[in-house]
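A short worksheet on the structure shown next.
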Amino acid sequence: MTQYPYRSLNEYYRNLFGKKTAKISLDGGFTCPNRDGTLSTSGCIFCSAGGSGDFAEDAALTIAQQIETGRAQTQNKWPNACYIAYFQAFTNTYAPVEVLRAKYEEALAQPQISGISIATRADCLGDDVLDLLQELSHKTKVWVELGLQTANEHTAEFIRRGYPNQVFAESVEKLHRIGIPVVAHVILGLPGETVEDMRNTIDFLNRLPIHGIKLQLLHVLAHTDLAALYEAGDYIPLEKEAYLELLCHCISRLRPDIVIYRLTGDGDKNILLAPLWSLHKRDVLNGLHQLLKKKQIHQGDSYST
Ligand code: SF4
């Protein structure tokens, strides 16, 4: 029997590896076309200086050293765990393919590393990168995480995502065809979005062959353009109750086979301006589980093809 009324990541990993599995967040020293001037120099409106990798290890260290540091932090707690090397910061397929190969292979050569997860943009997956990912997937577990954030094209433009939904859909299909599971990132509470918009985003993803989803709360981080909107009173972050209700809608609507990788945001408390309630992740998850139970909601209850 499953512990939660949805397909949780812990359960997925346990079925896959048979033991505790943890991710080590890495900074491979990449940048992003949305920040280096190729598409834009300003980036997504919510993107911090760390390029969505504020918890990643220190980019000044080698990949091997980053993994060693990350493993040392959890070794006492989980001595027998296996680890996923998670290339998190910035756009982790945005470099010549031989540079990518060297970084990925360095990660995979480290002890206890059982797979690799690569966060990137849907517009940064050329054929040479896809060939490399396919080759690696014959030797180890490989996941690709793609940021959709929203299926509302107007919101996507407002947050400066930098590509239309079609590009995202095509990349998911290409990765699926070569056997790479895709985890889609969705942000709840984007400026101007209604509950209907967020439901539409779930419906859009339900129609694609994604394997997993991260549902993240929009965080206002210091020194971002979103912070300027928030400080001017032009963006009001979600309250906890509204966020929990939204999660219930999304879980109920989500295709039953999709693994839920995340249900809360992960804002660095040193730069998080709002919502501060999100720092209490345990409270948020407890509140969600109580609400799901009270409303008797299970993943896929209101999913329709
Ligand atoms: S794609 Fe990621 S790294 Fe690039 S600007 Fe947007 S949030 Fe930042």
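The values are calculated or read from the model by the stated rules, or taken from the named source; none is laboratory data. Quick caveat: nothing in here was measured; it's all calculated off a predicted structure. FYI the Cβ positions are ideal-geometry reconstructions off the backbone, even for glycines, and counts take in every protein chain you see.
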Among the residues of the stretch 258-305, the number that are in a loop (DSSP other than H, G, I, E, B) and not polar (S, T, N, Q) is 15
Restricting the stretch 1-36 to residues that are in a strand (DSSP E or B) and among the hydrophobic types (A, V, I, L, M, F, W, C), which is surrounded by the fewest Cβ atoms within 10 Å (Cβ to Cβ)? Ala22
Kindly evaluate Ile210 against the criterion of being part of a loop (DSSP other than H, G, I, E, B), closer than 17 Å to Thr120 by Cα and touching a strand residue (DSSP E or B) at 6+ places or on another chain (Cβ under 7 Å). yes
Filter pass, Gln75 being away from the ligand (no atom under 16 Å from the Cβ), free of Cβ contacts under 8 Å to residues at least 60 places away in the same chain and out of contact with any helix residue (DSSP H, G or I) (no Cβ under 9 Å at 6 or more places or on another chain): yes
Which condition number in (1) under 16 Å from the mean Cα position of the chain (by Cα); (2) more than 9 Å from the ligand (Cβ to nearest atom); (3) within 19 Å of Phe87 (Cβ to Cβ) is the one that Asn10 fails? (3)
Just the residues that are in contact with a helix residue (DSSP H, G or I) (Cβ under 8 Å, 6 or more places away or on another chain), closer than 19 Å to Thr264 by Cβ and of a type outside the set (A, V, I, L, M, F, W, C), please, taken from the stretch 168-223. Gly189, Glu193, Gly212, His219
Can you tell me how many residues in the stretch 148-182 are under 27 Å from Tyr83 (Cβ atoms), out of contact with any Gly (no Cβ under 9 Å at 6 or more places or on another chain) and surrounded by fewer than 20 Cβ atoms within 10 Å (Cβ to Cβ)? 3
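Out of curiosity, is Leu130 in contact (Cβ under 8 Å) with a residue 40 or more places away in the chain, crowded, with 17+ Cβ neighbours inside 10 Å, within 14 Å of the ligand (Cβ to nearest atom) and not small (Gly, Ala, Ser)?
It is false that Leu130 is in contact (Cβ under 8 Å) with a residue 40 or more places away in the chain, crowded, with 17+ Cβ neighbours inside 10 Å, within 14 Å of the ligand (Cβ to nearest atom) and not small (Gly, Ala, Ser).
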Conditions: (1) in a strand (DSSP E or B); (2) touching an Asp or Glu at 6+ places or on another chain (Cβ under 9 Å). Gln110 meets all but one. Number of the miss? (1)
Only one of (1) away from the ligand (no atom under 16 Å from the Cβ); (2) of a type outside the set (S, T, N, Q); (3) at pLDDT 95 or above is not met by Asp58, so which one is it? (3)
Check Asn165 against each of (1) under 19 Å from Gly28 (Cα atoms); (2) within 16 Å of the ligand (Cβ to nearest atom); (3) touching a helix residue (DSSP H, G or I) at 6+ places or on another chain (Cβ under 7 Å); (4) of a type outside the set (Gly, Ala, Ser) and name the one condition it does not meet. (1)
